[in-house]
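Below: one structure, written as structure tokens.
The values are calculated or read from the model by the stated rules, or taken from the named source; none is laboratory data. Worth saying up front: this structure is predicted, and the values here are computed from it rather than measured. Because the Cβ atoms are built from the backbone with ideal geometry, glycine has one as well, and the counts that use them run over all protein chains shown.
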Amino acid sequence: MTKILVVNMIPNNWSDEQNQDCEPCISVNPANPDEIMATAFTFDNPAGTSAISPAMTGAWAPIFYSNDGGISWSLHFVLPSGAGAVLPTFDVTARFGASGANVYSGLISSVSGSIIINRAANALTHQTTLVTRSGDQPFAETFFNGGQDLLYVGYNGSTTHATIDQSPDAGAGVPTFNAISVDARNSNNGPKTRTAIHASGTVYGAFYSLNTDGTWDVVVVKDTNWGASLPPYQALIGGDGKAGVVVAPSISVDASGTEDANFGHDRRGWELAIAVDPNDEKRVYLVYNTGTSAADYTLHLVRSTDGGATWSADARSIVVAKNPGVAINSLGHVGFAYQQVVGPTGSSNWVTIFEHSHDDFATFDSHTLCSTSSSVPTPVSSMATYIGDYIKVQAAGESFYGVFSASNVPAAANFPSGIHFQRNVDMGAGHLLGNDGVTVVPPSIDPFFFKVTVTSGGVATAIADSGNFGQVCLGSFHDELLTIDNNGPGLLTITNIVSSSPEFEAPSVLSYPLLVSSGGWIGVMLRFRPGSFGLKAAVITIFSGDPAGPHKIRVTGNCAPPRLSLILADSGNFGKVCVGAFKDEPLILNNSGKCTLTVTGIASTSPEFLSPGVISYPLSVGPGDALPVPIRFEPTSFGPKSAVITVFSNDPAGPRKVRVTGDAPAGKLTITGSSIFGGVPNCRREQRILTLCNTGDCNLHVSHVGFKHKCKCYRLINNPFPAVLRPGSCLSLVIQYFANERVARGCELVIHSDDPGEPVRIIEVVAYTLWDCCNCGCKDHKQGCGCCECCDEEEEDKE
Amino acid sequence: MIDDDALVRLAGEAPFIFGGEVLSEEPSAAVAVDDVIRVPEGMTGFAGSRVTVLLERPLRRGRYIFFADPYSVGGSIAVRERGHVDGDEAERVREALRESHANLIAERFEAAVLVVLGGLGEVRALTEGRPRGIPWAVAPLEVERVLKGPAKQHHVLVLGPRYGSRRLPPAPPLREGLRAIFFLTHAPHEALEKLGEGREGAFHIATSWDIQPPERLEEIEKIAGKERKRG
């Protein structure tokens, strides 16, 4: 739905006015859309072209100015002109600086005939000239970037031909300008060079290029860096390898130099308008015309969605029409205005139409703003144009603002969308009245302001659990349906849905806008995909045409971490384990969290406590699950042992540690029996038995049993050692004494074992010989009680 | 006190010349207009109105005659002061305005080779379509009275732009049916070439000041008389 306001812009105190105020242009202050200015061929006196001479009274031509959104208008005399000039200005456009701080104009001076580009601090101040050029039809556009006003003035330069004259900082004390020729093919162009600028830095330029065979190409050039690329305006390359894409090749455009009675008493030639979507620098609309006479003079509205590389067929074709204006509002809706001759020659009307489409003209609504006779008033031949060679449509936010010129006969039927006159009129009688409110003033051409407010829908939303996505694990996601209802009276145009957090993903819409009819709804999926642990919150913002502004929805979710708990029997005490043996105990990895636990490694501080030889980490433990992994105690030496087992995982609390202990006991040598022989009659053999027992918990390695020194009277009989004594086992050792010593001598029996308490045991073996010859039995027995040497025994010992 | 020369210059340049009572001692003063000496052509209802004057300097309450440029016109009118004189100098101002105008006419009269009262006939374009140069046109001028130049001129041709052209900005377009006093000069060579035959009797209107309404005939005749005497 749309609301339309149409206002005749001639102020009340200018009610005597009867000039041909044609060829209007408009500019809305981007910083304050209530502030609007417009230009037209408007003199500084009400008589103007109706007078014999002079035409201009003073040196300043007026602009139209409104500070209440276009409801009321006043004239401010700020544009450079000259007393006696036959026109207030030639072609003129004025623009608010995009910063809202300055006002610029590009016009052809009615004094010098040159293009002058001008500036003033505001719309109410005399403008001063910044730069002078030679050419035709300057058309200014501005944009604000980086704190600076960028000014682009398209025109057909006398030597530069199709030209974009641009200043990167037009608000500077002494701004620089660069006049760039943009036609790479030909050196003759139509009067119009139009620009469209996007916040991305993309600047489009459009113009007509005259081919050598007399046909015309409609060309679009592009720059992606505010026109400052090197070389500039070469972002689009045509099939011939030259800069610029030819949108309409070799068309016939036969312009009429002056008024054509078959064309509503106006002239024809080179219609052109271009607009870029403020939300999508690749979406561009262009209007051009073809035709060699009034009858086949046709406007073509075409669209590009790939940044000008390719263009659609006609979205709209309008016959016998001129003065296209096109703009795209913040919702992506397209406003298309034009003026069409309707009716046969002699009784035709100029009909000004505004079309509005939210779906690229698959459908559109059409509004007649004005329909007035093309013969009333009689055209003033001194201008060569009746209603002018251009109009302007501009979008500001969701609204479209425009201006056109037409006959001002004040009859309600002439303005089907409504009309508001400021000047004195008698609507009933269809008369214009002078300043005195009585005198009838003849009809003339006036500028008319129009504003089309797109009546939008309203956003209402619904989402489960008040937008709480609940628990979602890291690496996974959860979707919730967001229902968007249109509870407003008009079409709801959703231009974007954005999330304040990347963990809450807005729906990936292939192409905005989304359209919701009044009372309808759509569902879009929101996704919570946490990227880290913890409680999460975000704001989902729906940008739409809802007059209440962007709609915000708070969403929450939780990404609880896994929690690793370690369980080990006996508080990690492995007990006694002999060296050479091992013992395994299961270490329980328990995940007490709500998301999968990922174990990335297990380490031990001691090689005697072995972590499991997992081939490849990570190990996964589901929420609430437990995983036993064996820990092995395998001591390599005796004694108490300890270590720390560390488990690495994705538990945000960090690695978990458990202390493990164990003991590696040794064997214990216990000796029983006696090594004391006492006195032994000579030449007799006595034996004693020692029993070596292992009274420890682990094997005892008895590595050697023998006499420390040579003891020829002692022998070990069938010494079983070295030998391993199992815990609790014993082996006996037989010691034999052969008594034949004259002098008693002791001997030390040495026992080596791995008993850590006493690895070397020395047993005193004591015996002596009792000399009694009767007992002598030696073969070399000597007479008397002599010694009975027993060499055999010695020999045996040696063995 | 503005001297006579300055006053003549001011009177010649100011689109608004009016007398009125300053009602407030402010930089933008409300003035009740009681005497209109000059307003932009076609403007009515100025006398008796209350206008805002953006003063050069604040003035005490009282009556003054203002010379001003237009500033804004909307539901009310505001002008920007160029200068002022005391309110009792209206006649001096009127005389200055007349002198200014006479000077202009005299200047144009002197520059003209032919000054006539007459009417323009059908305007015929000398170029086709929308020319890249000046859109020259020609129109016959039926002479009613010769004020300067050969007295027996009855028909001359006038060359001028078909419509206002940025390539010849001062020249007014030819308007069929226009009856006026024309100050004619020699036609530019370029226009004569376009015309072809009949060059001898072809003239040109150089500026919009060179077209004056028939009502000024007497005034212009006086100037012409003075010029002839001077000549």
Some residue of segment A:191-199 being of a type outside the set (D, E, K, R), surrounded by 22 or more Cβ atoms within 10 Å (Cβ to Cβ), under 29 Å from residue B:136 (Cβ atoms) and in contact with a Lys or Arg (Cβ under 6 Å, 6 or more places away or on another chain): no
Tally of residues being aliphatic (A, V, I, L, M), out of contact with any Asp or Glu (no Cβ under 7 Å at 6 or more places or on another chain) and either in a strand (DSSP E or B) or at pLDDT 90 or above (or both) across segment A:463-479: 1
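Being of a type outside the set (S, T, N, Q), crowded, with 24+ Cβ neighbours inside 10 Å, under 45 Å from the mean Cα position of the chain (by Cα) and under 30 Å from residue A:528 (Cα atoms) narrows it down to one residue among A:457, A:475, A:467; which is it? Reasoning before the result, please.
Values: A:475 fails: crowded, with 24+ Cβ neighbours inside 10 Å; A:467 fails: crowded, with 24+ Cβ neighbours inside 10 Å.
None of the others qualify; the one that does is A:457.
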Top-ranked residue of segment B:107-134 - restricted to ones that are surrounded by 17 or more Cβ atoms within 10 Å (Cβ to Cβ) and under 27 Å from residue B:230 (Cβ atoms), ranked as nearest to the other protein chains (Cβ to nearest Cβ): B:108
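Sort through A:699, A:718 and tell me the only one that's modelled with pLDDT under 95 and over 25 Å from residue A:577 (Cα atoms).
Working: A:699 fails: over 25 Å from residue A:577 (Cα atoms).
One residue alone meets the criteria, A:718.
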Close pairs (8 angstrom Cβ cut-off, 6 or more residues apart or separate chains): within 12 Å of residue A:663 (Cβ to Cβ) in segment A:559-580, in a strand (DSSP E or B) and hydroxyl-bearing (Ser, Thr, Tyr) anywhere: A:573/A:661; A:574/A:661
Within segment B:1-31, tally of residues that are surrounded by 17 or more Cβ atoms within 10 Å (Cβ to Cβ) and either in a strand (DSSP E or B) or away from chain A (no Cβ under 14 Å) (or both): 11
Spans of strands (runs of 3 or more DSSP E) in segment A:624-698 with at least 1 residues within 47 Å of the chain's Cα centre (by Cα): A:626-633, A:639-649, A:656-664
Scope segment A:24-38; condition at pLDDT 95 or above and either within 14 Å of chain B (Cβ to nearest Cβ) or out of contact with any Ser or Thr (no Cβ under 9 Å at 6 or more places or on another chain) (or both); matching residues: A:36, A:37, A:38
Neighbours by Cβ (under 6 Å, 6+ apart or cross-chain): first from segment B:205-216, more than 7 Å from chain A (Cβ to nearest Cβ) and closer than 17 Å to residue B:110 by Cβ; second among the basic types (Lys, Arg) and in a helix (DSSP H, G or I): B:210/B:108
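May I ask you to say which residue of B:102, B:137, B:96 is crowded, with 20+ Cβ neighbours inside 10 Å and either in a helix (DSSP H, G or I) or outside the structural domain of residue B:191 (by TED's automatic domain parsing) (or both)?
Numbers: B:102 fails: crowded, with 20+ Cβ neighbours inside 10 Å; B:137 fails: either in a helix (DSSP H, G or I) or outside the structural domain of residue B:191 (by TED's automatic domain parsing) (or both).
Selected residue: B:96, the only one of B:102, B:137, B:96 that is crowded, with 20+ Cβ neighbours inside 10 Å and either in a helix (DSSP H, G or I) or outside the structural domain of residue B:191 (by TED's automatic domain parsing) (or both).
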Only listed residue being at the interface with another protein chain (Cβ under 10 Å from one of its Cβ atoms) and in contact with a helix residue (DSSP H, G or I) (Cβ under 8 Å, 6 or more places away or on another chain), chosen from A:84, A:48: A:84
Matching residues, segment B:39-57, being in a strand (DSSP E or B) and touching a Lys or Arg at 6+ places or on another chain (Cβ under 9 Å): B:53, B:54
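Counting only residues that are of a type in the set (Ser, Thr, Tyr) and touching a residue at least 24 places away in the same chain (Cβ under 8 Å), which one in segment A:104-127 is nearest to the other protein chains (Cβ to nearest Cβ)? Quick ask: steps written out before the conclusion?
Pass one, segment A:104-127, residues of a type in the set (Ser, Thr, Tyr): A:104-105, A:109-110, A:112, A:114, A:125.
Next, only the ones that are touching a residue at least 24 places away in the same chain (Cβ under 8 Å) stay: A:104-105, A:109-110, A:125.
Working: A:104: 20, A:105: 16, A:109: 7, A:110: 5, A:125: 10 Å.
Going through the qualifying residues, I end up with A:110.
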Among (1) facing chain B (nearest Cβ under 7 Å); (2) within 21 Å of residue A:406 (Cα to Cα); (3) of a type in the set (Val, Ile, Thr) - the single one residue A:63 does not satisfy: (1)
Tabulated pairs, segment A:260-274, first within 14 Å of chain B (Cβ to nearest Cβ) and farther than 17 Å from residue A:406 by Cα, second in a loop (DSSP other than H, G, I, E, B) and of a type in the set (Lys, Arg), C-beta under 8 angstrom, 6+ apart or interchain: A:269/B:130
Number of the exception - residue A:99 against (1) surrounded by fewer than 24 Cβ atoms within 10 Å (Cβ to Cβ); (2) free of Cβ contacts under 8 Å to residues at least 40 places away in the same chain; (3) of a type in the set (Ser, Thr, Tyr); (4) more than 30 Å from residue A:290 (Cα to Cα): (2)
Candidate set from segment A:337-381 (those that are charged (D, E, K, R) and surrounded by fewer than 15 Cβ atoms within 10 Å (Cβ to Cβ)); member that is nearest to the other protein chains (Cβ to nearest Cβ): A:365
Subset of segment A:425-454 [β-branched (Val, Ile, Thr), over 25 Å from residue A:38 (Cα atoms) and touching a Gly at 6+ places or on another chain (Cβ under 8 Å)]: A:440
Hits in segment A:221-267 (condition: within 22 Å of residue A:302 (Cα to Cα), in a loop (DSSP other than H, G, I, E, B) and either touching a Gly at 6+ places or on another chain (Cβ under 9 Å) or outside the structural domain of residue A:295 (by TED's automatic domain parsing) (or both)): A:224, A:233, A:234, A:235, A:236, A:238, A:244, A:252, A:254, A:255
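What number of residues in segment B:119-142 are of a type in the set (Val, Ile, Thr) and either in contact with a Phe, Trp or Tyr (Cβ under 9 Å, 6 or more places away or on another chain) or in contact (Cβ under 8 Å) with a residue 60 or more places away in the chain (or both)?
2
Would you check if there is a residue in segment B:196-207 being of a type in the set (A, V, I, L, M), within 29 Å of residue A:257 (Cβ to Cβ) and not in a loop (DSSP other than H, G, I, E, B)? Quick ask: steps written out before the conclusion?
Keep residues of segment B:196-207 that are of a type in the set (A, V, I, L, M), which gives B:202, B:205-206.
Of the ones still in play, those that are also within 29 Å of residue A:257 (Cβ to Cβ) are B:202, B:205-206.
Checking the rest, the ones that are also not in a loop (DSSP other than H, G, I, E, B) come to B:202.
Checked against the condition, which is being of a type in the set (A, V, I, L, M), within 29 Å of residue A:257 (Cβ to Cβ) and not in a loop (DSSP other than H, G, I, E, B), segment B:196-207 yields at least one hit.
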Residue in segment B:151-167 that is part of a loop (DSSP other than H, G, I, E, B), of a type in the set (A, V, I, L, M) and within 11 Å of another protein chain (Cβ to nearest Cβ) present: no
Some residue of segment B:54-70 being within 13 Å of chain A (Cβ to nearest Cβ), touching a helix residue (DSSP H, G or I) at 6+ places or on another chain (Cβ under 8 Å) and buried (at least 16 other Cβ atoms within 10 Å of the Cβ): yes
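Each row is one residue, and each column tells you yes or no for (1) in a loop (DSSP other than H, G, I, E, B); (2) more than 10 Å from every other protein chain (Cβ to nearest Cβ); (3) out of contact with any Phe, Trp or Tyr (no Cβ under 7 Å at 6 or more places or on another chain).
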| site | (1), (2), (3) |
| --- | --- |
| A:18 | yes, no, yes |
| A:22 | yes, yes, no |
| A:43 | yes, no, yes |
| A:72 | yes, no, yes |
| A:78 | no, no, no |
